[in-house]
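Written out below as structure tokens is the structure these notes cover.
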Protein chains: 6
Amino acid sequence: MTDNVEAEYDEYLAAGRIWGLVDRNRIKKIKFPRLSPDIVKRYLAIDDLTTSVSDVLDSLGIDGAVPASYLRPLSTGQKCVGPAITIRNILERKTPTQGYVDKEPIRMSTRDIYYLAEPGDVLVTDTGGDLSISNMGGQSCAVAKTVGLAGSIVYGAVRDANTIRASGYPVWSCGVTPITGKFRIEAIEMNGPVTLHDVRVNPGDLMVADDSGVCVVPYEHVEHVITEVEKIAAAEERMTSLILSGAPISELRPLFRKRYS
Amino acid sequence: MTDNVEAEYDEYLAAGRIWGLVDRNRIKKIKFPRLSPDIVKRYLAIDDLTTSVSDVLDSLGIDGAVPASYLRPLSTGQKCVGPAITIRNILERKTPTQGYVDKEPIRMSTRDIYYLAEPGDVLVTDTGGDLSISNMGGQSCAVAKTVGLAGSIVYGAVRDANTIRASGYPVWSCGVTPITGKFRIEAIEMNGPVTLHDVRVNPGDLMVADDSGVCVVPYEHVEHVITEVEKIAAAEERMTSLILSGAPISELRPLFRKRYS
Amino acid sequence: MTDNVEAEYDEYLAAGRIWGLVDRNRIKKIKFPRLSPDIVKRYLAIDDLTTSVSDVLDSLGIDGAVPASYLRPLSTGQKCVGPAITIRNILERKTPTQGYVDKEPIRMSTRDIYYLAEPGDVLVTDTGGDLSISNMGGQSCAVAKTVGLAGSIVYGAVRDANTIRASGYPVWSCGVTPITGKFRIEAIEMNGPVTLHDVRVNPGDLMVADDSGVCVVPYEHVEHVITEVEKIAAAEERMTSLILSGAPISELRPLFRKRYS
Amino acid sequence: MTDNVEAEYDEYLAAGRIWGLVDRNRIKKIKFPRLSPDIVKRYLAIDDLTTSVSDVLDSLGIDGAVPASYLRPLSTGQKCVGPAITIRNILERKTPTQGYVDKEPIRMSTRDIYYLAEPGDVLVTDTGGDLSISNMGGQSCAVAKTVGLAGSIVYGAVRDANTIRASGYPVWSCGVTPITGKFRIEAIEMNGPVTLHDVRVNPGDLMVADDSGVCVVPYEHVEHVITEVEKIAAAEERMTSLILSGAPISELRPLFRKRYS
Amino acid sequence: MTDNVEAEYDEYLAAGRIWGLVDRNRIKKIKFPRLSPDIVKRYLAIDDLTTSVSDVLDSLGIDGAVPASYLRPLSTGQKCVGPAITIRNILERKTPTQGYVDKEPIRMSTRDIYYLAEPGDVLVTDTGGDLSISNMGGQSCAVAKTVGLAGSIVYGAVRDANTIRASGYPVWSCGVTPITGKFRIEAIEMNGPVTLHDVRVNPGDLMVADDSGVCVVPYEHVEHVITEVEKIAAAEERMTSLILSGAPISELRPLFRKRYS
Amino acid sequence: MTDNVEAEYDEYLAAGRIWGLVDRNRIKKIKFPRLSPDIVKRYLAIDDLTTSVSDVLDSLGIDGAVPASYLRPLSTGQKCVGPAITIRNILERKTPTQGYVDKEPIRMSTRDIYYLAEPGDVLVTDTGGDLSISNMGGQSCAVAKTVGLAGSIVYGAVRDANTIRASGYPVWSCGVTPITGKFRIEAIEMNGPVTLHDVRVNPGDLMVADDSGVCVVPYEHVEHVITEVEKIAAAEERMTSLILSGAPISELRPLFRKRYS
């Protein structure tokens, strides 16, 4: 933990924002630069958002997209954009039964990070893509909504699927399960780098998610990407109107070529 | 087949409740103790049912939950609770084509068990998690509804997905397929122990299923589990209201700790 | 390319129906016999269509069904019937980044085949079941609708899931992704034989898809299959009414036996 | 348990052949007809045994072969032929930790079946292809060798791989693990039907295994199969000598055609 | 089939080099440029061949390596280098049982391509990575050896593992099986482009295989790649001697940096 | 990085033991308590080591064993025991091609940790079980041998399989590949906690590996575990001699019971 984090932790403690399940030396960052809400709005205005973002990341030589084949929205038709805050979990050493027998303290926690978050943040949790152990449930999502998170992207499983769907809070996950993470997983690091399927997320990167999947825009590229995405969106829209109007190939082909060369 | 089953089979035969595709020595149990409908009602009254049940099973050192990652509801938003009746299927030895050529008798059967069932029972079929071969289709579910089953949980695949969804009959399965089980699988045992993913089911156990997955409550724990679940549900509800009302950490933390220690 | 295709290509070129991304020697067939729309209508009239079709294919010793476990509809409740037109894709040799750097031409293409298609055709693309690379997106589906395709069946992934769902155009695929196929896949053959999971499709075969999965009816069996399917459907309907009316086993059993022996 | 088994159990008990971990009503058969050792010898004399056997099973319309891709020999270059004795295991309901805490009795057992076996038998265990839980280890194989078993085929995992390899006792399994089956699996049935990958085994069927995989020859076809296999082997040998002598296509082709038409 | 292939086919037919199971219009190329044996020798002289080749392909932005995790040598310690000849197989439409019943002609074939091959060629077959169906067995490998092939790389399974190992003929495959490809797969194309896992092979490309896996060097890069590989090998050898002699970091680091920047 | 590590890093830098590819703040520990070589010897003296260790871990309620089904030895018949030093890798954000184009520095490194290690240490690397990207090759293993490591356990893939096998240096890995980790993975942390399949490793834990798989003994349990293992080994040996001498069930059963109750 750097000196900064040390001081920030004390500041947040004084402000009543420390839940306290996770040891302070597991928190890598507390304050870090966030994108302006204006940029988030520009992203949210785009249809088929992740596909255009993925195309621009391709042009930058960046692996930044995770297919919904692997990381599915709990409800279709939702969109989520915001800076990443992160938790990385690893498995407990004791079996859950032994944990119960020994009355071990609980070492998984989403609470701790919710109260460190800023409104509009997107929680990203990395439990290695596990399909059986829950990273969060309905009550956890209630906290997330209350503190103003924009959504959660879980490289692992969630529970209380029905309650989460009913709440309208947007969640992407690898799987759904009734099985608690308590006595099973431990939050080993908060606001450090994590991995979604085969894509890396640093805290502060822009998370972008819709029905097609999830994209991670590195913080330093956020403005360039939306500018390019807006150009693509405009070109695609023109193209689509032409298509729907039954325009002949001879009219469509040059526009198509223009975009891809 | 024990003497009991022998006698019960004859009784059911006389009563016109024997369909007759499955040999009588493959039926392990016909009559067995069922839970009172009152207990089923208490389970049905709980929100996020499988997650609370899973937590209590954890405290008992019992592996009893299957994630919806592996065993999905055909329609979201449904709930199903009732005592298990079971079928275990294994693959036929002849290829389906050879079965057709030789006009083999059909050896898969859900019909036989439907007519042995009591209203409120939940059918559990074990075909080893196969994703291609159907265990039951729309017509089979029509029989299930008619005899009053509460739902079906299929460790395998089902067909006629659209008809089943339209019927409102609740089904959980590993997959969906058009391919018949006829000439492919054989009902090797009825009302014996079966396996769902990695969880064991004995006939008479309480099946509990919702959007998060499926739980199996061993018959002997059914009352203890619902009593504990009701306590959890009450505590969670209080906690959630506090969260939604924006209560500070200092108020929430002690309640959280109380539940988990 | 046979002489026929050579001549047909020139004819279509003159008619403005050649998009031109795909080399002409990769197109195996342009004109081929299609089923009469009357037969398509008879198929569309059947409930639980793929399950009955699968049963008749079984009786012919033909492997022709792909479970929805592997090839899922993007929206439930849709049905699609029509003659197959096909694209087979393989991976590009250069990495996508190198493709960008070298400004490689785009070698994937659904455009080319759309304009060769007849209204009512069903596009079948084979990208080996890949879950990450998109075969087509919202704009591509807009073209498909405009030229009158009945649907698309993608042994691979698609993108713009939300736009496709909103359009009502029926699509079955293995997965959903934001990642473009441009610089990743190449259309190596059009209107040649392709594979869906473990089932072969020749151009002109009848594709039949619903919530339970996809069936491929070889061109030469299309009439026989629907005739048998109609018989099954009638028998099933009679059986289902009896079941719903609570008919006793003694009445149901002979009908059941009749169908399967 | 039939009356036969009841009497046979008492006979074996008196003879000191009952180990006693497994309840007697879980044993389906004790005595059943075995193949003559002469037939086993004829099988053992064939090179590339499983491939020829698989070909003959194909001609009978029987699914009877499991690829070594799924069921691997622990050591290459071994061959195993003999009648099947079977164990089916399912998972315990309690977690292993709870089992330890409660001092549960051990419910897995290979001991029980070894002492019921006849020399030359092949043990087949079905634990659903699990890759983590051991079905047997070095000491268990020592018992198997002592009582004269011809080998073990494990649809699951084994442990003490090094000791088993050193002993020369032939074992095929899905995986290798250090993790005991004690407190994890229960022997639910002995000498009943079991499943290997997607192939069914009845006790008394002939197991045939080599580096290419495992075949199951149904008891009633054992003589027919070896007779056909011997014909194939002779034809193949003649063909191979011609090939190695550099015979021209014109000489080879008619022999090839003869075999396959 | 181009005019060239037409003429070459007739030439080979006259020379007794046409086996004749595969229709002539499924053969894309017969004669094509091969690498000089001198270049093959330079490749064979390199230790840890595929890793150096993979590094050079990386520097060219080419996806050309398949891990042995997916494509394993049947025997360890072998190396194989030579120009690719290719077969692509797809599944038969009829079930194998129906194929037997109808006495279908055999449509899989390695024989046809062996007699079209030149000594030193490497056979590459693409059956989509299937783990159950054999692409070739011991007798087929005997033909391969006789005509002088350098090895076979099978994106699928092989049989007669023991005979192949004994023969010393080098084979890489995804799996091992006893199950024949006859009545299961059809050779849909010879000497066209194929796919190994996720890497493309054109006939004439250089195949390079060892214990670490398989690399495909595009024909046009073969000379550049070996020249670079030889430089790497020399540098690595120097580095390794220094390491083994216990040279300090200060001496090793500059050499390491030199290679990678 | 704690103050300790800061000081230790400077000490090692002065001693010429810092390779310098990995930033100092990614190193969590440099000096930590190691087990006495005497204890390592006691472990090495046990046959079927991992199975006995796994049994004792079970009795402690600790998940500490990884099956060889998932983490295989490169050569059979080897054994490895020693304290863990750890590297955790995550994927690079740029594609490998972009890394080449931009001449990125190399961020994977085993060199850095080798020179921080003590003789007898076992390197554990965690790349999430990836089967395609190499964590280390022949030259890296040469360094490992030179500095006296006891072996490497790689939750990921390795390359130069042949050279590693020839060197006799013991390696366990998930897979084998020719593809470099350079420009693909980054060493995100050294000597922090890592995960093997589903088991956690802290630096200083005792790694124990043989043909059956890998076990992790938490540092605090190392002495207790070997003491229990020695008791088991003695009992098993006595049991095995009795078995091989043909002792009757009546003599074996009580010994068997004694061990497990």
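Calculate the dipole size of chain D relative to its Cα centre from +1 charges on Lys and Arg beta carbons and -1 charges on Asp and Glu beta carbons; express the result in debye to the nearest 20.
Charge dipole, chain D, about its Cα centre: 520 debye, nearest 20.
Which three semi-axes in whole Å describe the equivalent ellipsoid of segment E:214-261, each the square root of 5 times a Cα gyration tensor eigenvalue, listed largest first? Each step should come with its number before you reach the end.
Numbers: eigenvalues 159, 23, 12 Å².
Its equivalent ellipsoid spans semi-axes of 28, 11, 8 Å.
Net charge within 9 Å of B:Gly77 by Cβ-Cβ distance, Lys/Arg positive one each and Asp/Glu negative one each, not counting B:Gly77 itself?
Around B:Gly77, the surrounding residues sum to 0.
For segment E:154-210 and segment B:81-118, write down the distance between their C-alpha centroids in whole Å.
Cα centroid to Cα centroid, the span is 39 Å.
Which net charge results when you count Lys and Arg as +1 and Asp and Glu as -1 among the other residues whose beta-carbon is under 15 Å from that of A:Ser250?
+3
Give me E:Thr146, C:Thr227 ranked fewest to most by other Cβ atoms within 10 Å of their Cβ, as a rough exposure proxy. Before the final figure, lay out the partial values.
Values: E:Thr146 14, C:Thr227 11.
In increasing order of surrounding Cβ atoms, one gets C:Thr227, E:Thr146.
Report the net charge of residues surrounding F:Gly156, where surrounding means a beta-carbon distance below 10 angstrom and charges are Lys +1, Arg +1, Asp -1, Glu -1.
Net charge in that neighbourhood comes out at -2.
Expressed as a fraction of 2.2 N^0.38 Å, the rule-of-thumb size for a compact globular protein of N residues, what is the C-alpha radius of gyration of chain D?
Dividing the Cα radius of gyration by 2.2 N^0.38 Å gives 1.11.
With a ≥ b ≥ c the root eigenvalues of the C-alpha gyration tensor of segment E:123-166, is it rounded (a/c under 1.5), prolate (a/b larger than b/c) or oblate?
oblate
Fewest first, what order do F:Ser54, B:Ser59, C:Ser241, D:Ser109 take by the number of other Cβ atoms within 10 Å?
Numbers: F:Ser54 26, B:Ser59 15, C:Ser241 11, D:Ser109 23.
Neighbour counts put them in this order, fewest first: C:Ser241, B:Ser59, D:Ser109, F:Ser54.
For the protein assembly as shown, what is the charge dipole size about the Cα centre, in debye to the nearest 20, if Lys and Arg each add +1 at the Cβ and Asp and Glu each add -1 at the Cβ?
0 debye
For F:Lys258 and A:Arg253, what does the FRET efficiency come to when R0 = 56 Å and r is the distance between their Cβ atoms, rounded to the nearest 0.05?
Once rounded, the FRET efficiency stands at 0.10.
Per residue of A:50-61, what is the mean number of Cβ atoms on other protein chains within 10 angstrom of that residue's Cβ?
Per residue, the number of nearby Cβ atoms from other chains is 6 on average.
Under the √(5λ) rule applied to the eigenvalues of the Cα gyration tensor, what semi-axes describe the equivalent ellipsoid of segment F:27-115? Give them in Å, descending.
Sorted largest first and rounded, they come to 35, 18, 14 Å.
In bins 10 Å wide, starting from 0, what share of all Cα pairs of segment A:85-141 does each bin hold, as a percent?
Reading upward from the zero bin: 18, 49, 28, 5.
Which value does Rg/Rh take for segment A:16-71 over its C-alpha atoms, Rh per Kirkwood?
On the way: Rg = 16.8 Å, Rh = 15.0 Å.
Checking Rg against Rh, the ratio lands at 1.13.
What distance in nm separates the simple spin-label points at E:Phe32 and C:Ser36, each placed 7 Å from Cα in the Cβ direction?
Once both label points are built, they end up 4.6 nm from each other.
Any idea what the alpha-carbon Rg over 2.2 N^0.38 Å comes to for segment C:118-261?
Relative to the rule-of-thumb radius for its length, segment C:118-261 sits at 1.35.
Let me make sure I get this right: for segment D:83-177, a, b and c are the square roots of the gyration tensor eigenvalues over alpha carbons, sorted descending. Under 1.5 in a/c it's rounded, otherwise prolate if a/b > b/c, else oblate. Which is it?
Since a/c reaches 1.5 and a/b is larger than b/c, the shape of segment D:83-177 is classed as prolate.
Could you check what % of the DSSP bridge pairs in chain B are antiparallel, to the nearest 5?
Looking only at bridges with both residues in chain B, the antiparallel portion is about 55 percent.
Find the percent of Cα-Cα distances in segment A:48-96 that exceed 18 Å, and round it to a whole number.
Of all Cα-Cα distances in segment A:48-96, 53 percent exceed 18 Å.
Evaluate E = 1/(1 + (r/R0)^6) for A:Glu220 and C:Glu11, where r is the Cβ-Cβ distance and R0 equals 41 Å; express this FRET efficiency to the nearest 0.05. Write out the running numbers ahead of the final one.
Values: r = 53 Å, r/R0 = 1.30.
Efficiency at R0 = 41 Å is approximately 0.15.
What is the mean number of Cβ atoms from other protein chains located within 10 Å of the Cβ atom of each residue in peptide E:193-201, rounded to a whole number?
That works out to 3 on average.
Work the Kirkwood hydrodynamic radius out for the protein assembly as shown: mean of 1/r over every pair of different alpha-carbon atoms, inverted, in Å.
Roughly 34.4 Å, rounded to one decimal.
Charges on Cβ only, +1 for Lys and Arg, -1 for Asp and Glu, centred on the Cα centroid of segment E:1-148; of E:Leu71, E:Leu13, E:Thr127, which one is farthest towards the dipole's positive end?
It is E:Leu13.
How many lysine pairs in chain F, separated by 8 or more positions in sequence or lying on different chains, have Cα atoms less than 16 Å apart?
7
Using a Förster distance of 30 angstrom, determine the FRET efficiency expected from the C-beta separation of D:Leu242 and D:Ser167, and round it to 0.05.
Between D:Leu242 and D:Ser167 the formula returns 0.15.
To the nearest Å, what is the center-to-center distance of segment E:16-47 and segment F:23-76, using C-alpha atoms only?
Going from one Cα centre to the other spans 50 Å.
Can you tell me the order of B:76-87, D:243-254, C:201-212 when each peptide is scored by its average per-residue count of other Cβ atoms within 10 angstrom, highest first?
My ranking of the peptides, most packed first, is C:201-212, B:76-87, D:243-254.
For a bin width of 10 Å, list the pair-distance distribution of segment D:136-210 built from all Cα-Cα distances, rounded to whole %.
Taking every Cα pair in segment D:136-210, the percentages come to 16, 50, 33, 1.
Evaluate peptide B:141-147: per residue, the Cβ atoms of other protein chains within 10 Å of its Cβ; return the mean as an integer.
Taking all residues of B:141-147 together, the mean is 3.
Fewest Cβ neighbours within 10 Å first, please rank B:Met108, D:Met239 accordingly.
Exposure proxy ranking, most exposed first: D:Met239, B:Met108.
Apply the a/c threshold of 1.5 to the C-alpha gyration tensor of segment A:175-215 and tell me whether it is rounded, prolate or oblate.
Working: a/c = 2.76, a/b = 1.31, b/c = 2.10.
In terms of gyration-tensor shape, oblate.
Rule-based calculations on the coordinates, nothing more; no lab input. The structure presented is a predicted model; accordingly, all values stated were derived computationally and were not measured. With ideal geometry, Cβ positions are generated from the backbone for all residues, glycine too; neighbour counts draw on all protein chains shown.
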